[in-house]
Structure formats: structure tokens, C-alpha cells
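In what follows, a single structure is set out as C-alpha cells and then discussed.
The values are calculated or read from the model by the stated rules, or taken from the named source; none is laboratory data. Keep in mind the model is a prediction, meaning the values are calculated, not measured. All Cβ positions, even for glycine, are placed from backbone atoms using ideal geometry, and neighbour counts span all protein chains on display. Please note that ligands, DNA and RNA were not included when accessible areas were found on the heavy atoms of the full protein model with its side chains. Shrake-Rupley method; radii C 1.70, N 1.55, O 1.52, S 1.80 Å.
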Amino acid sequence: MSEAQSMFAVLRQIAEPAVVDVIERFVRDAPDRKLCRVNVLAFAAKEGLDEEQAINAFLHASNLGLFELSWNVLCPGCGGVLDANTSLRTVQSDSYTCALCAAGYEPTLDEMVEVTFTISPRVRRIAGHNPELLPPVEYFRQIYWGSGVDLPDEGFEEKVDEFVLEALELPPGEKAVISLQLPAEFVIVFEPVTHAAQFIDVKGSPTRERQNLSMVFDRGFRHSEILELQPGPIRISVENHTQVRTLPSVCIANEALHDLLSRRRPFLTAKRLLSNQTFRDIFRTNTIEVDQRLKITSLTFLFTDLRGSTELYERVGDLAAFDLVKTHFSILREIVGAQAGAVVKTIGDAVMATFPAPSGALAAAMRMREAMRVLNDERGSEDLLLKIGIHEGPCIAVSLNERQDYFGQTVNIASRVQHLATSREIFATGAVLDDPGVASFLAGRGLNPMSQSVALRGIADEVRVFAIP
């Protein structure tokens, strides 16, 4: 049995076997470019797989060495990869600039950092393992564009030809000249390796005189200012001052380019992965550096606590109470994972969990309450009375006590809201109830939450809180 076969055999024991079968076939039969920076959500949709099962299988596969993770900082405008990282720890810059869009961005984990999977060279060598050898059109497809740009499988080169006037490969330390006729359109000289761009607004009367432009690629100057030139001949001198091959191309910013970049699809965000239970279990100590502060614009927090746990210990004894609380933790953890969330930590008898969307948190809360009711019925007692609070908003992902955690006012409010509950209650803030997914969830079950404005300790303004029956 080969090393890859052995790893797939192990993978079947820890991930959904049917999903593993699809991945193994994919690794064996897919063309090289499909195995470079795999968009796991698109893969799951194409193969008809459950998203969470697919994500979990790829995570376990990466842990075994079948795939390599890449954390790519994306331009929210054009979808290009501004920075590729083997770990979230190396996403250290406070801002990123996209030369192609001439815009700067402060990175957030919501939609600006994607997580992709590339087949390990131990399992199968692909062209994408050596991006410096890829043809220019494949470099754009496999390396420059993020997995959220839905590039066509067929006819991609023909699409590119509709907006690329000229392209060349420039080895390290070399010079070259690009000579062409400038059309009366907005033209961009773009180099994807160093992320350099020069905008040229071509207008006015055509000229027969040769115009000149010089560009140096050195990972420093981004050439983002706009030049005004006339339609006619141009001589573009390019110099590569880097240690790697560069790929200068002259493009027209026309409908063909805009149409190609407007085709988007969902992708696995860093935010979603950090709220994945399997990821937290596997990579719990290797996520964020102690001094990193990574912003998330929207994350949903769910806090639970057991009412009367002190009395429970006195009534049934420490050992029996401990076993019961452990059972309760196990049930809650399973429910959180099933709803695409993750348990961040337990504090005494309390649980702190995160979800990418409010609807997942509310669905988990409803299931938790029902699970505790069933457990109490089985025991013939009311020992486990669960109080639940949910809130959604911005936060910062941090590393605390060698564990990936979260910090910010959203976390504080979620905790305070949970403390409002008495027993068997689910309290959620207006931010949660305003989510369309939550509104649909409640309407589908005929539930009408009751609202009230409350003052929370340490929070200046009153908060709108809903009690969910």
C-alpha cells in the first residue's frame, strides 16, 4: 500500500467515509490546476456533499499530510490574492494595497482571508507547486485570483485574450521592451507577482509619434498614478529587479475583464474556519500569535450556564454531579459542531461558543434546550436547567492562555445577556433577531419572541433583548 493509500485509510476512520472516497478520487483523477488552492465549498457543491463534512474531511486530510493549508489575504474588489500564508500567524500587516484596484484595505477575517487546500507534493506533484514555471495565463488562474472568483473551466484563455493586449515572462534581473498600439481605452500595465500596476487613460487625438513608458518591478513602488496618453504607438521598457520571474501584461479595462471578475462564488473564510469545531480541535495551539489582533466584522456568540449547579452538587454529591455536568458538556459540544459552530471554552459550568451566522447559533440554542429537557425526563428530575444568551457583532480574534479566543464588547454583551436568563430561557439581542436567517427560522416555527430594553452592567446604552419561547 502506498503512503497516500495509507493516509486515506486513516482518514476514513476519522472523517465521513463517503466524503473521503470522493476526495481520494479527486486526488487521483483531477487535472493539476484543480488540486491547487481547492475551494472546499465549491468542491462540496459540485460533488453534492455536506459542506461541514467536506470541510472537516479536508482539515483532517491536511493534518495527516495529504493537503497543505493556505491563508490568503484577498482584495475585496477584484478578488486577487494580495498575500499568501501557510499559517494565520503570518498575516501580520495592518493594511494591504491592491495595485489593480488602486485601493487599500484593513484586513478582516470575514471576507478578506480565504482558506484553501493544495495537494501535498508527497501525495502528487502538480504544476502549481512551482508557480514560477506556470504559463502566465495559468499563473493568473491558479495563483493570482482567489478561489472566490468563479473562473470558467473551458474557454478561459479565450476570455483572457479579450482583454490582454500583450504579456511576457521576464526572468530575474532581465530587461525587455513591449511595443504595441494603444487603443483609445483605459489600459492597465499589470504585474501579478510583485503586484505592480500602471494605469493609462488613453484618449484624445491619435498620434504617430512613439510614446515611452518605463517600469521597474522591485516589490516597492506600485505605479498607481494614472498617466494620460494618446492612442498610437508606445514602447514600454520593463526591468525585473527581483529574484523571481515577473509577468508584465498590458490589459484593457473592458467589459470582458469586468465580466470575468464579477463572477463570484462562496469560499471558506478564516472566520468560518475559526468557528469550526474540528479546526479548533486539531489546530488549537497553532492559530494566532500572542501579539496578533485580527478583526472580524460579524461573529455570533452563544453563552450557556446551568441554573442552580451549586445546589445540584449538594443534592446529588460531587461525583454524580460532575458526571452529569460532563454529559451536558458533551451534548452541547456535539450540537454546536452540528450547527457549524465551535466551543471556544468552558468556564465552570458555562460554555462559550461561536457561530459564523446568528441562525446557526439560534438553531443550536433550540436544540440545546430540547436536549436538556429530554435528559431531565430520562432522569426524572429537573437537575439541568440551561440559561442561554446570544449576541452578534464585531470582535477581535486573539490568543489568550495559549488558545484562540475573542475579545471585545460583543463578547461582553453576549455574556451579560445570558446572565439575564432565569431557566430554560433563550435570550437574544436585536442584532440577532434582525438577521434574515433568524427571522425565517422563527417564522417557520411560528415563534413570536417578546422584546424588552434592558440595561446591562458595563454597557452605556440599553440593549434590546428578546425572550424566545
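For the stretch 388-403, does any single residue satisfy the condition of being farther than 30 Å from SER87 by Cβ and out of contact with any Asp or Glu (no Cβ under 8 Å at 6 or more places or on another chain)?
Within the stretch 388-403 (the criterion being farther than 30 Å from SER87 by Cβ and out of contact with any Asp or Glu (no Cβ under 8 Å at 6 or more places or on another chain)), the answer is yes, since at least one residue qualifies.
Report whether or not PHE279 is over 23 Å from SER147 (Cα atoms) and hydrophobic (A, V, I, L, M, F, W, C).
no
Step by step: first the residues of the stretch 103-129, then only those that are of a type in the set (Gly, Ala, Ser) and not in a strand (DSSP E or B), then the one that is farthest from HIS60 (Cα to Cα). Which residue is that?
ALA127
Can you name the residue in the stretch 353-380 that is modelled with pLDDT under 90 and part of a helix (DSSP H, G or I) and, of all such residues, is nearest to SER275 (Cα to Cα)?
Our first condition is that a residue be modelled with pLDDT under 90; within the stretch 353-380, this holds for 375-380.
Those left that are additionally part of a helix (DSSP H, G or I): 375-379.
Numbers: LEU375: 27, ASN376: 29, ASP377: 32, GLU378: 32, ARG379: 33 Å.
Here the residue is LEU375.
How many residues are of a type outside the set (Asp, Glu), at pLDDT 80 or above and open to solvent by 90 Å² or more (accessible area, probe 1.4 Å) when one looks only at the stretch 308-337? Reasoning before the result, please.
Going through the stretch 308-337, the residues of a type outside the set (Asp, Glu) turn out to be 308-310, 312-313, 315-317, 319-322, 324-333, 335-337.
Adding the requirement that they be at pLDDT 80 or above leaves 322, 324-333, 335-337.
Those still in the list that are open to solvent by 90 Å² or more (accessible area, probe 1.4 Å) too: 322, 326, 333.
Residues meeting the conditions: 3.
Quick one: is ALA353 closer than 18 Å to LEU109 by Cα and either open to solvent by 50 Å² or more (accessible area, probe 1.4 Å) or in contact (Cβ under 8 Å) with a residue 24 or more places away in the chain (or both)?
yes
Look at the stretch 58-92 and say how many of its residues are in contact with a Pro (Cβ under 8 Å, 6 or more places away or on another chain) and either open to solvent by 10 Å² or more (accessible area, probe 1.4 Å) or β-branched (Val, Ile, Thr) (or both). Full working, then the answer.
Initially, the stretch 58-92 is screened for residues in contact with a Pro (Cβ under 8 Å, 6 or more places away or on another chain), giving 73, 80, 91.
Narrowing the set further to residues that are either open to solvent by 10 Å² or more (accessible area, probe 1.4 Å) or β-branched (Val, Ile, Thr) (or both) leaves 73, 91.
Total satisfying the criteria: 2.
Looking at (1) β-branched (Val, Ile, Thr); (2) under 27 Å from ALA357 (Cβ atoms); (3) out of contact with any Ser or Thr (no Cβ under 6 Å at 6 or more places or on another chain), which is the only condition THR108 fails?
Every condition holds for THR108 apart from (3).
Out of the residues in the stretch 107-125 that are charged (D, E, K, R) and under 18 Å from LEU274 (Cβ atoms), state the one that is nearest to the chain's Cα centre (by Cα).
Step by step, filter the stretch 107-125, then rank; the result is GLU114.
Would you say GLY128 is on the phi < 0 side of the Ramachandran plot, small (Gly, Ala, Ser) and in contact (Cβ under 8 Å) with a residue 24 or more places away in the chain? Steps first, answer last, please.
Details: on the phi < 0 side of the Ramachandran plot: yes; small (Gly, Ala, Ser): yes; in contact (Cβ under 8 Å) with a residue 24 or more places away in the chain: yes.
Yes: the conditions hold for GLY128.
Can you confirm whether the stretch 96-103 contains a residue that is modelled with pLDDT of 95 or more and either on the phi < 0 side of the Ramachandran plot or aromatic (Phe, Trp, Tyr) (or both)?
no
Among the residues of the stretch 161-181, which ones are within 13 Å of VAL244 (Cα to Cα) and outside any strand (DSSP E or B)?
Correct list: GLU169, PRO171, PRO172, GLY173, GLU174.
Among residues belonging to the stretch 109-138 that are crowded, with 19+ Cβ neighbours inside 10 Å and among the hydroxyl-bearing types (Ser, Thr, Tyr), point out the one that is nearest to PRO248 (Cα to Cα).
Of everything passing the filter in the stretch 109-138, THR116 is nearest to PRO248 (Cα to Cα).
Within the stretch 139-160, count every residue that is open to solvent by less than 50 Å² (accessible area, probe 1.4 Å) and outside any helix (DSSP H, G or I).
Looking only at that region, the number is 8.
Mind checking which pairs have a first residue in the stretch 33-57 that is over 12 Å from PHE267 (Cβ atoms) and open to solvent by 30 Å² or more (accessible area, probe 1.4 Å) and a second that is of a type in the set (Val, Ile, Thr) and not in a loop (DSSP other than H, G, I, E, B), Cβ under 6 Å, 6 or more apart or different chains?
Qualifying pairs under 6 Å: GLU47/VAL22; LEU49/VAL19; GLN53/VAL19; ASN56/THR278.
Check VAL465, VAL432, VAL417 and return the single one that is touching a residue at least 40 places away in the same chain (Cβ under 8 Å) and touching an Asp or Glu at 6+ places or on another chain (Cβ under 6 Å).
VAL432
Quick one: ALA102 ticks every box in (1) touching a residue at least 24 places away in the same chain (Cβ under 8 Å); (2) open to solvent by less than 40 Å² (accessible area, probe 1.4 Å); (3) under 23 Å from LEU260 (Cβ atoms) bar one, so which box is it?
Single failed check for ALA102: (2).
Just to confirm my filter: which helices (runs of 4 or more DSSP H) fall fully inside the stretch 381-469 and include at least 1 residues that are under 30 Å from GLN92 (Cβ atoms) and open to solvent by 80 Å² or more (accessible area, probe 1.4 Å)?
In the stretch 381-469, the matching helices (runs of 4 or more DSSP H) lie at 409-420.
Tell me, which helices (runs of 4 or more DSSP H) lie completely within the stretch 2-74 with 3 or more residues that are modelled with pLDDT of 95 or more, under 18 Å from VAL123 (Cα atoms) and charged (D, E, K, R)?
Details: elements: 3-14, 17-29, 40-47, 51-64.
Hits in the stretch 2-74: 17-29.
Just need a number here: residues in the stretch 386-426 that are out of contact with any helix residue (DSSP H, G or I) (no Cβ under 9 Å at 6 or more places or on another chain) and on the phi > 0 side of the Ramachandran plot.
3
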